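Trainee: Before anything else, here's the structure in question.
The values are calculated or read from the model by the stated rules, or taken from the named source; none is laboratory data. None of the values given here were measured: they were computed from a predicted structure. Every residue, glycine among them, receives a Cβ derived from its backbone with ideal geometry; neighbour counts consider all protein chains shown. What goes into the accessible areas is simple: the full protein's heavy atoms, side chains included, and nothing from ligands, DNA or RNA. Shrake-Rupley method; radii C 1.70, N 1.55, O 1.52, S 1.80 Å.
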Amino acid sequence: MTPKAVIFGGIGSLAECAELDRAAWNAAFRIHGVPWEWSWDTYAELMRPGGDRQLAARFADHLRVTVDAARLDATHQRVFAARLSGGIPLRPGVDGVLRWAARAGLTLALVSRSEAAPVQALLKATARARGGIPFDMTVLRSDVERMAPDPQAMELALDELSLAPEQAVAIVDTPVAAEAAETLGIPCLGFPGLLAAEGGFAETLARASILSVATVLEAWRGLPMAAAE
């Protein structure tokens, strides 16, 4: 038996985008004359809690300064999309899982905290590596009011697919995305990206550094130790 759907919980579960995203934020600051330059540690700490993409607003609150956070965010999204369109490789094993899902007739879904432009740029940039395999549905930032670790986006994906949680498997690159999936009872495979390199996933969660059909199926069947090896 196999699941009926594979849900990729974030564009970072397809391609390693964190450094491009950080660079896009710093470019947005320069464009608008904001005297910030986020280091990796600062960016990672801002991303860690999840819940929203209002990083600039939270950083300004921390510094007790006022900035046009919405304008910064819009510019960041535009720059991020442009940089993704320049090309980015799929993470190890992603192409094999996508091809398996397509051959098996499984539904492919993508849940992302990004807006449409970066997601479209990423999918276009990776189309050849994906063998042209499309995603059947997406849930993006603009589709929900609350983001991971809140399960709203994952729940919307299940509703759109008319599936019960146990009929899908989620592949996630961050602990907050894992929390969102597990809250609903969706079997979940941790596929840590750079933002989760230092841990943060629950010890009981199945994890893989290279994606494969075997690890996805083992996670779906509830065999975390086998999938983690």
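Trainee: How large is ³J(HN,Hα), in whole Hz, for each residue of the range 115-128 in order, when computed from phi with the Karplus curve 6.51 cos²θ - 1.76 cosθ + 1.60 and θ = phi - 60°, using x for Gly and Pro?
Mentor: With coefficients 6.51, -1.76 and 1.60, one gets 7, 5, 4, x, 5, 4, 5, 5, 5, 5, 5, 9, 4, 5 Hz.
Trainee: In what order, largest first, do Asp150, Asp143, Asp41 sit by accessible area if the probe radius is 1.4 Å?
Mentor: Ranked from most to least accessible, the order is Asp41, Asp143, Asp150.
Trainee: Let me check against my output: what whole-number percent is the relative contact order of the chain, with C-alpha pairs under 8 Å and at least 6 apart?
Mentor: 24 percent
Trainee: Label-point separation (nm) for Ile133 and Ala214, each offset 7 Å from Cα along Cα-to-Cβ?
Mentor: If labels sit at Ile133 and Ala214, their model points lie 1.8 nm apart.
Trainee: Here is a follow-up. Return one number: the angle in degrees, 0 to 90 and rounded to the nearest 10, between the long axis of the Cα atoms of helix 152-161 and the longest principal axis of the Cα atoms of the chain.
Mentor: With rounding to tens, the tilt is 40 degrees.
Trainee: Distance from the Cα centre of the range 142-210 to that of the range 56-77, in angstrom?
Mentor: Here the two parts' Cα centres lie 27 Å apart.
Trainee: When the dipole is taken about the Cα centre of the range 130-229, and only Lys, Arg (+1) and Asp, Glu (-1) are charged at their Cβ, what size is it in debye, to the nearest 20?
Mentor: In debye, rounded to 20, the range 130-229 gives about 280.
Trainee: If each residue of separation counts as 0.36 nm, what is the full-extension length gain between Ser39 and Ala70 once their alpha-carbon separation is subtracted?
Mentor: The Ser39-Ala70 span can extend by a further 9.0 nm.
Trainee: List the equivalent ellipsoid semi-axes of the chain in whole Å, largest first, each obtained as the square root of 5λ for an eigenvalue λ of the Cα gyration tensor.
Mentor: Calculated on Cα positions only, the semi-axes equal 30, 18, 16 Å.
Trainee: Any idea what the dipole of the chain comes to, in debye rounded to 20, about its Cα centre with Lys/Arg Cβ at +1 and Asp/Glu Cβ at -1?
Mentor: Approximately 760 debye in magnitude.
Trainee: Okay, helix-only estimate at 222 nm for the chain: each DSSP H run of n ≥ 4 adds -39500 (n - 2.57), divide by all residues, round to 500 deg cm²/dmol; what do you get?
Mentor: -13000 deg cm²/dmol
Trainee: May I ask you to order 58-65, 107-114 by the average number of other C-beta atoms within 10 Å around their residues, highest value first?
Mentor: Output ranking for 58-65, 107-114: 107-114, 58-65.
Trainee: Taking all protein chains as present, what is the carbon and sulfur share of the accessible area of the chain, in % to the nearest whole number, probe 1.4 Å?
Mentor: Answer for the chain: carbon and sulfur cover 52 percent of the accessible area.
Trainee: Between Ser162 and Arg58, what is the FRET efficiency for a Förster distance of 35 Å, r being their Cβ-Cβ separation, to the nearest 0.05?
Mentor: Given R0 = 35 Å and the Cβ-Cβ separation, E is 0.45.
Trainee: Could you give the accessible area per residue of the chain, probe 1.4 Å, as a whole number in Å²?
Mentor: Counting only protein heavy atoms, the per-residue value for the chain is 46 Å².
Trainee: Can you give me the angle between helix 69-85 and the longest principal axis of the chain, using Cα atoms only, in degrees from 0 to 90, rounded to the nearest 10?
Mentor: Helix 69-85 and the main axis of the chain meet at about 50 degrees.
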